[in-house]
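Notes follow once the structure below has been shown.
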Amino acid sequence: MAYIIALAGKGGTGKTTTAALIIRVLTEKKSGSVLAVDADPNSNLAEALGVKSTANLGSILDQISAQPDKIPAGMTKERFIQHQVQTAISEEDGFDLLSMGRPEGPGCYCYVNNLLRGLMSNLIDNYDYIVIDNEAGLEHLSRRTSRQADALLVVSDPTSIGLKSAQRIFELAKALKFEVKKSFLLVNRFNQQLHNDRIKDTGLEYLGNLPLDAQVEKLSLAGKSIFDLAAAAPVLVAISELGERIWKRN
Ligand SMILES: Nc1ncnc2c1ncn2[C@@H]1O[C@H](COP(=O)(O)OP(=O)(O)OP(=O)(O)O)[C@@H](O)[C@H]1O
Ligand SMILES: [Mg+2]
């Protein structure tokens, strides 16, 4: 049964970078099969992982709803969709990737979200780890596409405003009864000026921080992947150490 790690946080805090770092470390540890889920419709997890082109679930569902008569005779719509969804999962070196995308069709969301819940429960049986990179903010929590996680990782910048926002995200997650076993605060782009009181106020368990890393900025500018990062890169060293607390099953 998969151990689910979900990333959340306000825009630009480093969710995708952190998700990609976690995926790299899990992949290199060879501790089990890994599914990376890009749940951000403006997705860029694939790019961060060096995956060139991926089918996405949204466009697959659009194709199905545009041509409903394409469903093969003798197959239920649900079965057909399930099968098509499998084609949205790409097999990469050391991990699989599922990009959610966003269906363009009207009124699709409810249906897609219901479908995703069913899909998730299937996937949970098929992988050892699932790492979900969510879109910024609170939207995805209120839509509750991914309703459970073993570890929720809220990524924040070190500012007081950033930490307040991490607190709001955590409070909403609790209010929505998002089923989470462990919830952590990860402070990214650490710059020595941490507001300790604010960290406490978030109510989250403080995991630690990731340093501002010039190598990450360089990669990002050059359009390279997290796998191009040198093993000694400060962010990679940091996430390897902090990671044990994230993915330790207990
Ligand atoms: N520790 C770091 N050091 C240097 N640059 C970083 C660090 N973390 C993230 N970045 C850079 O900051 C930018 C935003 O990071 P990222 O895309 O991971 O944030 P995000 O939270 O996923 O954003 P969005 O809300 O748009 O999805 C990227 O260009 C990334 O390379
Ligand atoms: Mg992102």
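Based on the Cα atoms of the stretch 1-137, what semi-axes does the equivalent ellipsoid have, where each is the square root of 5 times one gyration tensor eigenvalue, given in whole Å with the largest first?
Working: eigenvalues 136, 59, 33 Å².
Sorted largest first and rounded, they come to 26, 17, 13 Å.
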How would you rank 237-245, 127-135, highest first, on the average number of other Cβ atoms within 10 Å across their residues?
-> 127-135, 237-245
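Please list 195-203, 24-32, 2-10, 43-51 highest first by mean number of surrounding beta-carbon atoms within 10 Å per residue.
On the way: 195-203: 14.7, 24-32: 16.7, 2-10: 24.3, 43-51: 21.0.
Per-residue Cβ counts within 10 Å, averaged per peptide and sorted highest first, yield 2-10, 43-51, 24-32, 195-203.
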Rh_Kirkwood(the stretch 53-106) over Cα pairs, Å, one decimal, evaluates to 11.9 Å
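Given an 8 Å cut-off on Cα distances and at least 6 residues of separation, report the relative contact order of the chain as a percent. Provide the component values of the computation, followed by the final result.
Values: 447 pairs, mean separation 70.3, N = 250.
It rounds to 28 percent for the chain.
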Quick calc, ILE124 & ALA73: beta-carbon distance into FRET formula, R0 35 Å, rounding 0.05, result 0.65
For the stretch 119-250, what does the equivalent ellipsoid look like in terms of its semi-axes, each the square root of 5 times an eigenvalue of the Cα gyration tensor, given largest first in whole Å?
-> 24, 21, 14
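Given only helices, namely DSSP H runs of n ≥ 4 each adding -39500 (n - 2.57), what is the per-residue ellipticity at 222 nm of the chain, to the nearest 500 deg cm²/dmol? Don't jump to the answer; show the numbers that get you there.
Values: 10 runs with 109 residues, N = 250.
The per-residue figure over the chain is -13000 deg cm²/dmol.
Of all beta bridges DSSP finds with both residues in the chain, what is the antiparallel percent, to the nearest 5? Show your work: numbers first, answer last.
Values: 3 of 36 bridges.
Bridges in the chain that DSSP calls antiparallel: roughly 10 percent.
Between LYS164 and HIS83, what length comes free when the chain is fully extended (0.36 nm per residue of separation minus the Cα-Cα distance, one decimal in nm)? Walk me through the intermediate numbers first.
Values: separation 81, 0.36 × 81 = 29.16 nm, distance 4.22 nm.
Between LYS164 and HIS83, full extension yields 24.9 nm more.
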Per-pair calculated FRET efficiency, R0 = 25 Å: GLU91 and ALA214 via Cβ, rounded to 0.05 = 0.15
Simple spin-label model, 7 Å along Cα-to-Cβ: GLU171 to ALA231 in nm?
-> 4.5 nm
For ARG245 and ASP197, calculate 0.36 nm times their separation in residues minus their Cα-Cα distance, and state this gained length in nm to one decimal.
-> 15.0 nm
Which of the peptides 168-180, 68-80 is most tightly packed, and how do the rest follow, going by the mean number of other Cβ atoms within 10 Å of each residue?
-> 168-180, 68-80
Between GLU28 and MET1, take the C-beta separation as r, use R0 = 22 Å, and let me know the FRET efficiency to the nearest 0.05.
-> 0.50
Mean shadow area (nm²) of the C-alpha convex hull around the stretch 3-247 is 13.3 nm²
For LEU49, what is the net charge nearby, where nearby means another residue's Cβ is under 12 Å from its Cβ and Lys, Arg count +1, Asp, Glu -1?
-> -4
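Read-outs throughout are calculated quantities, based only on the coordinates presented, and are distinct from any laboratory measurement. Remember, it's a predicted structure, so these values are computed and weren't measured experimentally. Because the Cβ atoms are built from the backbone with ideal geometry, glycine has one as well, and the counts that use them run over all protein chains shown.
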